[in-house]
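Right, one structure below, let's go through it.
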Amino acid sequence: MTPTLVIQLLGAPQVLLDGRPVTSFPSSKVSGLLYFLATEPRLRSRDTLAGTLWPDYDATQAKKYLRGALYHLRKSLDPYLDVQRNEIGLRMTDAVEVDVVEFDAALSRVRQHEEGSDAQLAELAAAVARYRGPFLEGFGLGDSDLYEEWIDNERRRLHERAIQALNRLVAAAIERQDLLLGIEHATHLLSLDPLRDESYRDLMLLLALDGQTQTALDRYAEYVDLLEAEVGAPPGPETAA
C-alpha cells in the first residue's frame, strides 16, 4: 500500500498528504506537536505533551494550549491521529510513513541477518538512504528548553547511527573490492563528519585502488587545509603515512 501520509523529519521537516505538502499548520507549536508524536509509534500522555511544548505555563494553561494545537492538527490530519482522553498518538498504519521510524527499523533489522551478507548490507543501505540530513534541521521552539533538548538528543542519536551504518558499508565495500560503491559511501560519511581521519584514509585507499591516485592525494591536501582551518592541527600520523 502506498503511504498517503509521509512525514520527513531527517533534514528540513516536511509533511506530505497524498503527495502534496501540508502547509496549513498555523504555528510552529502545531508542527512541533506532530513531529513529537511522529518519532515513536506509541501514545503520549497529554501531561507530557503540554509540559514539553509549553513548559513555562501552569498545567491548566498548558493543556488549554495543547487542545488548541490539537484542534488545528486534527483539521488537517484527523484520520491519522489517535486521540484519547488522556493520551494522543499517531496511527502508525500502512498509510503512514515516517522516515525516522523507518530508519530505526531498518537498522534494527540489520541484526537479523548474517554479518556481511547481502541482506544485511541492503538494510544498512536502506537506512542511510533515508538520512537526508540532521533531525529537524532548521526547526525549533525557542520558548521550550525541553523541546530543544529533545531535538538535540534525537539529532545526536540519529547522526551517530547514520555514521556507524555508513562506516560498516565502507568497510564491506573495501572487503568486497566494490570500489565505486565504497567511494560513494565514504564521501557520504565525510559529508556528515568531515573531520574523521579514518574516513579520509578509507576514501584515499578506495580512490587509489580504483587508479585515482592523484584524486586521493588531492583529497588529502583538502583535508590538511580543513584541519588547519578548523582545529589548527595536522592529520593523524596513520593518515599522513
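The values are calculated or read from the model by the stated rules, or taken from the named source; none is laboratory data. Everything numeric in this text was worked out from a predicted model, so none of it was measured. For neighbour counting, all protein chains shown are included, and Cβ atoms are generated from backbone atoms with ideal geometry for every residue, glycine included. The area values use the complete protein model at the heavy-atom level, side chains included, leaving out ligands, DNA and RNA. Shrake-Rupley method; radii C 1.70, N 1.55, O 1.52, S 1.80 Å.
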Of every hundred units of 1.4 Å-probe accessible area on the stretch 70-113, the number belonging to carbon and sulfur atoms, as a percent, is 39
Given charges at Cβ of Lys, Arg, Asp, Glu: the chain dipole, positive-most of 172, 121, 213:
121
Just to confirm, what accessible area per residue do you get for the chain at 1.4 Å probe, in whole Å²?
52
